[in-house]
Amino acid sequence: MPAPRFNETTMNFLRKMIVTGFGTGYLPVSGTWGSLVTVVIFLAVVFACMLASPHTMEHHYQVKDIHVMERKMSPCCEQGWCGMWATVQAVLVATAVLASIACVALGDFTERTWKKDPKQCTIDEVAGQAVALLGVPMATTGGLGFSIGFMGTWALDNWLVTAGVCFVLFRIMDIAKPFPARRFEKLPKGWGVLMDDLMAGVYANIAAQVLVRFVL
């Protein structure tokens, strides 16, 4: 049997789902919802890594015929690494790259369907928010108590602070569009849609690095 082919209606639906950031482009304040897609991906990966990674090491020994067990933070966690950090960064890079490719590749389709840089297009916010989060360390300020049983160094609430800071800063930069972000909007097709958000992500990332490393 020949392989089934997608008809044009199905393909257009899939294209719209990608361009609109899984449908977030149809929601009110669509740019905010598009940014939240990346934040949700980020926190989901952090949470999954926390569940999968060994954050403590058990030490067993005898003291006067009494069996003693100590739990200590593993050396890799003391260095703030574990592999969790590498995994999170890899996912952010993949998110930014794939969203950017999709935004540029579907630039013509977006303009034909709506107009240049329509509010329905939120895949650019997905890419920009990933840039804003890239390389930003875990905040040391938490206090919500969501440690889910792990050592405090990997408490989920600290990562929530990092995600929240990057999200707010990106939304501010995306709306303000500091130089040269607004000029990038004049680029043709999907490039104009994408580049201003990537530039906003760079500005947000710089601000977040300073805030998280030296203030929070």
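Going from the residue with the fewest nearby Cβ atoms within 10 Å to the one with the most, Glu8, Glu111, Glu125 rank Glu8, Glu111, Glu125. Between Arg112 and Thr140, take the C-beta separation as r, use R0 = 41 Å, and let me know the FRET efficiency to the nearest 0.05. Step by step, r from the Cβ atoms, then E = 0.25. Take the alpha carbon atoms of region 116-138, find their center, do the same for region 177-216, and report the distance between the two centers in whole angstrom. For region 116-138 versus region 177-216, the Cα centre distance is 9 Å.
Cross-link list Lys116/Lys189; Lys115/Lys177; Lys16/Lys177: which exceed 18 angstrom alpha carbon to alpha carbon?
On the way: Lys116/Lys189 7 Å; Lys115/Lys177 20 Å; Lys16/Lys177 25 Å.
Correct reply: Lys115/Lys177; Lys16/Lys177.
Where a number appears in this text, it was derived from the coordinates with a stated rule and is not lab data. Since the structure is predicted, the reported quantities are computational estimates derived from the model, not experimental observations. Neighbour counts are summed over all protein chains in view; Cβ atoms, including those assigned to glycine, are modelled from backbone coordinates with ideal geometry.
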